[in-house]
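What follows is a single structure, written as structure tokens, with notes after it.
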Amino acid sequence: MELILNVLKKVKPEYREAYLRLFNECQQATLQENGCLEYALYQSFNNENDFLLFERWASKETHFQHTQTGHFKKMIDATVGFFEKSELIGSLRE
């Protein structure tokens, strides 16, 4: 059963460039992970600081393995305080 995650992120303007750089680094490594089917960041056309992170994983287990990687942990630690808002919406698909 696939896991689909949508994460709405409102980045503080002063952190926008740093967030994009860190995301690109994390994305490159994440796309090589077993079970990662899609991992992409989309910018809102209404506000350059609003983003949608779209993730699609082969299973909940492969996503959990992702959360244990060094590049994921680095991204989380490096972006503390970057967001005005971050909201996760997840679903499962057979």
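Derivation of every value follows stated rules applied to the coordinates shown; laboratory data play no part. Worth saying up front: this structure is predicted, and the values here are computed from it rather than measured.
Computed values, structure above
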| read-out | value |
| --- | --- |
| Residues within segment 55-94 that are under 12 Å from the mean Cα position of the chain (by Cα), within 26 Å of Glu14 (Cα to Cα) and basic (Lys, Arg), tallied | 1 |
| Filtered residues of segment 1-57 (kept if acidic (Asp, Glu) and closer than 15 Å to Leu88 by Cα) | Asp50, Glu55 |
